[in-house]
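Asks: Pasting a structure here, questions to come.
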Amino acid sequence: MAAELLSPLLPRRRRGLAVAAAAPLLALLLVAVIFFRAPLTTTVSSPERVDLTLVAGAREKGAVCLDGSPPAYQLRRGSGSGAHNWLIYLEGGSWCNTTQSCYAQTMSNFGSSKFMRPVNFSGILSKDHLENPDFYDWNIVYVRYCDGASFAGDAEGEDLDGTKLFFRGLRIWEAVVDELMGKGMDNAKQTLLTGCSAGSLAALLHCDNFRGRLPQEVPVKCLSDAGFFIDVKDLSGERSIWSFFNGVVHLHNIREVLPKDCLQNKDPTECFFASELIKSISTPTFILNSDYDVWQIQNILAPNGSYPGQAWSSCKADIRNCSSTQIDVLHGFRKKLVSKLKVAEDKRNWGLFIDSCFTHCQTPSNISWHSPVSPRLDDRTIAEAVGDWYFGRRQDVKLIDCEYPCNPTCSSLLSTA
């Protein structure tokens, strides 16, 4: 199972949040003119590279990556009116559910800081106010992901050859927050905890804990981007994602971060899914997700290439290749995802932006976050909707798209698989 699951897409590895190479420039300009309210500009800011910082004293705290190396983050200081505001972004990446797959991750930046290099800041991380109108001047922290379990575990293990492995995501989370508090976050005036994919799930897991670390008068909110993984049967009738998460939860000893009320009635693995987590989160939270999330379709709904009567490889690679029968199946997946979001839809002070784009992780890209060709709901980009929700500029920012292919503003994201 571990070998079949693909790594959730990361901002620096995405194959094309830019428009498909074959799309004519004229078509792009027409889309921009029609769907972007601001004047069209050809200026695109260069992504910013921020130095890597290793967490001080991490080894002494046992707050280490899978291989025992210290965890890391990238911090860009805020300025002006944003000098005391903090945005914490938890990196996404793959989970590991066996000692073998966790050992394999120690050979990469997902399991060791030895392999980490600075990533570029764009989208919600950007310092360009045109690209990131509400958070551009905040303190931005990009927390690197190297524990294999959404910053949630606390255990140790050994690979088959005796190599020691450290499942210390929870300690990494605590050590990073402690260090940032000492760097000025204890005097924060506004904060936002967010992340992408596995990092987005981590933001949900730690949302209330983060709220509790700061004074009650400080506004604290959370934003989940592409972390709403749902427990559904795949096309062969198996609960493959449940089985995979079950391995993650038990190998990494993920229990302390799970909602206590959920654990009283359900298996810990069920409590690791976002649909259960959101029932217990009291901190205002914004759910950003595609209801045709490409990673979930490729790894949860159709983890194999072929099923009786249907070949799915081409459809999984590009939704435009799907047959009418396959589209009906995807609509069924969408219906289940939207139904599980009803809890968030009913919560006061929560927000939603659920588009029908075939994509995964939309906040770290300048194209999808806020650009002339960004996806839109209610004539708002993701950045505008999130800003309206965070700052209370509009009431009840809960936007759910119609079925694919109804939204023409998704056209620039059709090649993100």
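Asks: Quick one: count up the residues across the range 292-319 that are over 30 Å from residue 260 (Cβ atoms) and in a loop (DSSP other than H, G, I, E, B).
Replies: Count: 9.
Asks: Cβ contacts < 9 Å: first residue closer than 17 Å to residue 241 by Cβ, restricted to the range 195-208; second residue surrounded by fewer than 24 Cβ atoms within 10 Å (Cβ to Cβ) and aromatic (Phe, Trp, Tyr), any location; separation 6+ or different chain. Result?
Replies: Partner pairs satisfying both residue conditions: 197/295; 201/273.
Asks: Could you please find all residues in the range 352-371 being aromatic (Phe, Trp, Tyr) and assigned to a helix (DSSP H, G or I)?
Replies: Hit for the range 352-371 is 369, nothing else.
Asks: Please determine whether any residue of the range 403-410 is over 30 Å from residue 276 (Cα atoms) and at pLDDT 95 or above.
Replies: yes
Asks: Can you work out which of the residues in the range 66-121 that are aliphatic (A, V, I, L, M) and free of Cβ contacts under 8 Å to residues at least 60 places away in the same chain is surrounded by the most Cβ atoms within 10 Å (Cβ to Cβ)?
Replies: Top of the filtered list is 104.
Asks: On to the next question. Only one residue in 94, 69, 108 is in contact with a Pro (Cβ under 8 Å, 6 or more places away or on another chain), assigned to a loop (DSSP other than H, G, I, E, B) and of a type in the set (S, T, N, Q). Which one?
Replies: 94
Asks: To continue, here is another question. Can you pull out the residues in the range 86-127 that are out of contact with any helix residue (DSSP H, G or I) (no Cβ under 8 Å at 6 or more places or on another chain) and either under 30 Å from residue 371 (Cα atoms) or among the β-branched types (Val, Ile, Thr) (or both)?
Replies: 106, 110, 116, 117, 118, 119, 120, 121, 125, 127
Asks: Out of the range 334-343, which residues are in contact (Cβ under 8 Å) with a residue 40 or more places away in the chain and either surrounded by fewer than 20 Cβ atoms within 10 Å (Cβ to Cβ) or of a type in the set (Lys, Arg) (or both)?
Replies: Scanning the range 334-343 gives 334, 336, 338, 340, 343.
Asks: Here's something else I'd like to know. Take the range 225-262 and flag every residue that is of a type in the set (S, T, N, Q), at pLDDT 95 or above and touching a strand residue (DSSP E or B) at 6+ places or on another chain (Cβ under 9 Å).
Replies: Result: 253, single match.
Asks: Kindly state which strands (runs of 3 or more DSSP E) lie completely within the range 133-252 and contain at least 3 residues that are surrounded by fewer than 23 Cβ atoms within 10 Å (Cβ to Cβ).
Replies: 155-158
Asks: Still on this structure, I have one more. Specify which of the listed residues (336, 342, 279) is at pLDDT 95 or above and farther than 20 Å from residue 401 by Cβ.
Replies: Selected residue: 279, the only one of 336, 342, 279 that is at pLDDT 95 or above and farther than 20 Å from residue 401 by Cβ.
Asks: Considering each of 28, 17 in turn, give the residue that is crowded, with 20+ Cβ neighbours inside 10 Å, touching a helix residue (DSSP H, G or I) at 6+ places or on another chain (Cβ under 8 Å), modelled with pLDDT under 50 and not hydroxyl-bearing (Ser, Thr, Tyr).
Replies: Being crowded, with 20+ Cβ neighbours inside 10 Å, touching a helix residue (DSSP H, G or I) at 6+ places or on another chain (Cβ under 8 Å), modelled with pLDDT under 50 and not hydroxyl-bearing (Ser, Thr, Tyr) holds for just one of 28, 17, which is 17.
Asks: What pairs come up if the first residue lies in the range 344-361 and is within 14 Å of residue 221 (Cβ to Cβ) and touching a residue at least 40 places away in the same chain (Cβ under 8 Å), the second is surrounded by fewer than 24 Cβ atoms within 10 Å (Cβ to Cβ) and of a type in the set (Asp, Glu), and their beta carbons are under 8 Å apart, counting only those six or more places apart or on different chains?
Replies: 352/345
Asks: Looking only at the range 43-57, decide whether some residue is of a type in the set (S, T, N, Q), part of a loop (DSSP other than H, G, I, E, B) and modelled with pLDDT under 50.
Replies: Yes.
Asks: Looking only at residues that are surrounded by 12 or more Cβ atoms within 10 Å (Cβ to Cβ) and without any contact (Cβ under 8 Å) to a residue 40 or more places away in the chain in the range 322-331, which one is nearest to residue 411 (Cα to Cα)?
Replies: Filtering first and then ranking leaves 322.
Asks: Look at residue 214 and say whether it is more than 14 Å from residue 90 (Cα to Cα) and in contact with a Ser or Thr (Cβ under 8 Å, 6 or more places away or on another chain).
Replies: The answer is yes for residue 214.
Asks: Take the range 272-321 and flag every residue that is over 30 Å from residue 343 (Cα atoms) and surrounded by 21 or more Cβ atoms within 10 Å (Cβ to Cβ).
Replies: Across the range 272-321, the qualifying residues are 312, 315.
Asks: Out of all the residues in the range 174-191, is one or more under 17 Å from residue 255 (Cα atoms) and touching a residue at least 60 places away in the same chain (Cβ under 8 Å)?
Replies: Yes: one or more hits.
Asks: Give the residue, chosen from 355, 379, 328, that is on the phi > 0 side of the Ramachandran plot and not polar (S, T, N, Q).
Replies: Of the residues listed, the single one that is on the phi > 0 side of the Ramachandran plot and not polar (S, T, N, Q) is 379.
Asks: Let me ask something else. Can you name every residue in the range 364-417 that is among the hydrophobic types (A, V, I, L, M, F, W, C) and closer than 15 Å to residue 133 by Cβ?
Replies: Scanning the range 364-417 gives 369, 382, 383, 385, 386, 389, 391.
The values are calculated or read from the model by the stated rules, or taken from the named source; none is laboratory data. Treat the numbers as computed from the prediction; the structure is a model and nothing was measured. Because the Cβ atoms are built from the backbone with ideal geometry, glycine has one as well, and the counts that use them run over all protein chains shown.
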